[in-house]
Amino acid sequence: MSDLRPKYVTFDCYGTLTWFQVGEVTRRLLGDRVPAGTMEAFLKDFTWYRFDEVLGAWKPYVDVLKASLERACKRHGIRFDEADGQALYDAVPTWGPHPDVAAPLKRVAARYPLVILSNAADDQIMRNVALLEAPFHKVCTAQQAQAYKPRMQAFEYMFDVLGCGPEDVLHVSASLRYDLMPAYGLGIRNKLYVNRGYEPSVPFYGYHETTTIEGLATLLGV
């Protein structure tokens, strides 16, 4: 237990709270075109193209998925079908939480206002949030901010909505490159890395670390 007393506990959603199943859906959609021996390389490239696509000016998330999938297909010399990008987008609202999330999240919500900052579209995320089974004070999206994380504009939008500053939040994420690195740059001192195995830990960025949301509850003493 620490002496943290943030005004808000802010979260990345997909990957951190919600089980982000883009890899599983992509395997199903493209399994007949991507050879089994190269599927892992294809998914890795698709992951990095998604990151690259969100670094510029905002565009709808469905376009992010379609453009990054098309680039991965081009790199691997396979046929791109725009319908696959749409199918990925349509699947997102059906995804539920990681199994470790619901119970400790409710305990944290009883003590602290919870906020989501997500690289999502407004028409996707509320179904995912409902599946988390905990009350959220605010849900901020890239669509609202007109910027995707890791752009600092997304975080600054959240601060404006909450009427607070970096010193007032504990930010929780399973991604360094999307969340904890820009959070460090913005001066968010209180950070929690939920290490779900997506990225290696880099302690330089000054965060607490856990592997489950139960670790967040423990950190906050709830």
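The values are calculated or read from the model by the stated rules, or taken from the named source; none is laboratory data. In this text, all values refer to a predicted model and were calculated from it rather than measured experimentally. Methodologically, a virtual Cβ is constructed for each residue, glycine included, from the backbone with ideal geometry; neighbour enumeration extends over all protein chains shown. We work out accessible area using only protein heavy atoms, side chains counted, and drop any ligands, DNA or RNA first. Shrake-Rupley method; radii C 1.70, N 1.55, O 1.52, S 1.80 Å.
Out of (1) closer than 21 Å to PRO6 by Cα; (2) not in a helix (DSSP H, G or I), what's the single condition that is false for TYR198?
For TYR198, the failing item is (1).
How about the range 1-22: which of its residues are of a type in the set (Gly, Ala, Ser) and open to solvent by 20 Å² or more (accessible area, probe 1.4 Å)?
Once the filter is applied, which keeps residues that are of a type in the set (Gly, Ala, Ser) and open to solvent by 20 Å² or more (accessible area, probe 1.4 Å), the range 1-22 yields only SER2.
Restricting to the range 1-27, what's the tally of residues that are modelled with pLDDT of 95 or more and more than 22 Å from the chain's Cα centre (by Cα)?
0
Being touching a strand residue (DSSP E or B) at 6+ places or on another chain (Cβ under 9 Å) and more than 15 Å from VAL139 (Cα to Cα), is that true of even one residue in the range 73-80?
Scanning the range 73-80, I find no residue that is touching a strand residue (DSSP E or B) at 6+ places or on another chain (Cβ under 9 Å) and more than 15 Å from VAL139 (Cα to Cα), so the answer is no.
Take THR47 and decide whether it is of a type in the set (Ser, Thr, Tyr), over 25 Å from TYR193 (Cα atoms), open to solvent by 20 Å² or more (accessible area, probe 1.4 Å) and free of Cβ contacts under 8 Å to residues at least 40 places away in the same chain.
The answer is no for THR47.
Does LEU55 qualify as being surrounded by fewer than 19 Cβ atoms within 10 Å (Cβ to Cβ) and part of a loop (DSSP other than H, G, I, E, B)?
yes
ALA110: aliphatic (A, V, I, L, M) and out of contact with any helix residue (DSSP H, G or I) (no Cβ under 9 Å at 6 or more places or on another chain), yes or no?
Considered against the rule, which asks whether it is aliphatic (A, V, I, L, M) and out of contact with any helix residue (DSSP H, G or I) (no Cβ under 9 Å at 6 or more places or on another chain), ALA110 comes out as yes.
Based on this model, can you work out whether ALA183 counts as of a type outside the set (Val, Ile, Thr), within 25 Å of LEU43 (Cβ to Cβ) and open to solvent by less than 10 Å² (accessible area, probe 1.4 Å)?
Considered against the rule, which asks whether it is of a type outside the set (Val, Ile, Thr), within 25 Å of LEU43 (Cβ to Cβ) and open to solvent by less than 10 Å² (accessible area, probe 1.4 Å), ALA183 comes out as no.
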